[in-house]
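The values are calculated or read from the model by the stated rules, or taken from the named source; none is laboratory data. Given the structure is predicted, the values throughout are model-derived calculations rather than measurements. All Cβ positions, even for glycine, are placed from backbone atoms using ideal geometry, and neighbour counts span all protein chains on display.
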């Protein structure tokens, strides 16, 4: 495991943070290509993506500060360094992004289509980050590619590696499907359904979460993604799109 790219005294450069930053920049860069594929202005989609990313971090941290105001006043820097992408922050980000797209006259479903391969690309980099830091532990395995996470010597399924491979394959598949879509929202629905299915299947190789009953939270989220994909296909305006050359 390589949790730090650089560790010298008090200077620490976490591998996960570096890979996450690289993944975000790669996704923004990819959005310039996918924007053109769906007929959007690339610069406008880049700005919308940057707004969404900044909103996700800022809104989640504001919620964290509001919920822990006393701790923030005592240790502001320490609290701001805590990973804080929360469910509430994600909901607020979705609302803020929808308003931003509306004010910038960006078609909602076309934008989500263009962002779909970008999102799975970010997933691939985040999964590699989890692999580097030794998180996302899997169940014990006797397969030759099993990995041992110190201090244990038991070989486990490298679930993070499986997730990275699945995300990379989905990214390539979505890039191929994007110019072939028949209606706005088709690629987004495909991304939701395939990513949700992959996440659901990966949970069978992960160590179960404590106090999980019938399904663990990731499985519920995965099923929600699949259900949302069906709703998008059922409720979206059935307007044919012209394939980009």
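Tabulated values for the structure
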read-out: Breaking point among (1) buried (at least 17 other Cβ atoms within 10 Å of the Cβ); (2) modelled with pLDDT of 95 or more, for residue 169; value: (1)
read-out: Which listed residue, of 101, 156, 143, 131, is loosely packed, with under 12 Cβ neighbours inside 10 Å and either in contact with a strand residue (DSSP E or B) (Cβ under 8 Å, 6 or more places away or on another chain) or under 27 Å from residue 175 (Cα atoms) (or both); value: 143
read-out: Which numbered condition residue 92 fails, given (1) free of Cβ contacts under 8 Å to residues at least 60 places away in the same chain; (2) assigned to a loop (DSSP other than H, G, I, E, B); value: (2)
read-out: Residue within segment 75-83 that is without any contact (Cβ under 8 Å) to a residue 40 or more places away in the chain and within 15 Å of the chain's Cα centre (by Cα) present; value: yes
read-out: Positions within segment 105-146 being in a strand (DSSP E or B) and either without any contact (Cβ under 8 Å) to a residue 40 or more places away in the chain or on the phi > 0 side of the Ramachandran plot (or both), in sequence order; value: 140
read-out: Condition met for residue 161 (free of Cβ contacts under 8 Å to residues at least 60 places away in the same chain and under 21 Å from the mean Cα position of the chain (by Cα)); value: yes
read-out: Which numbered condition residue 72 fails, given (1) free of Cβ contacts under 8 Å to residues at least 12 places away in the same chain; (2) in contact with a helix residue (DSSP H, G or I) (Cβ under 6 Å, 6 or more places away or on another chain); (3) closer than 27 Å to residue 177 by Cα; value: (3)
read-out: Among residues of segment 20-45, those that are loosely packed, with under 15 Cβ neighbours inside 10 Å, under 25 Å from residue 133 (Cβ atoms) and touching a residue at least 24 places away in the same chain (Cβ under 8 Å), counted; value: 1
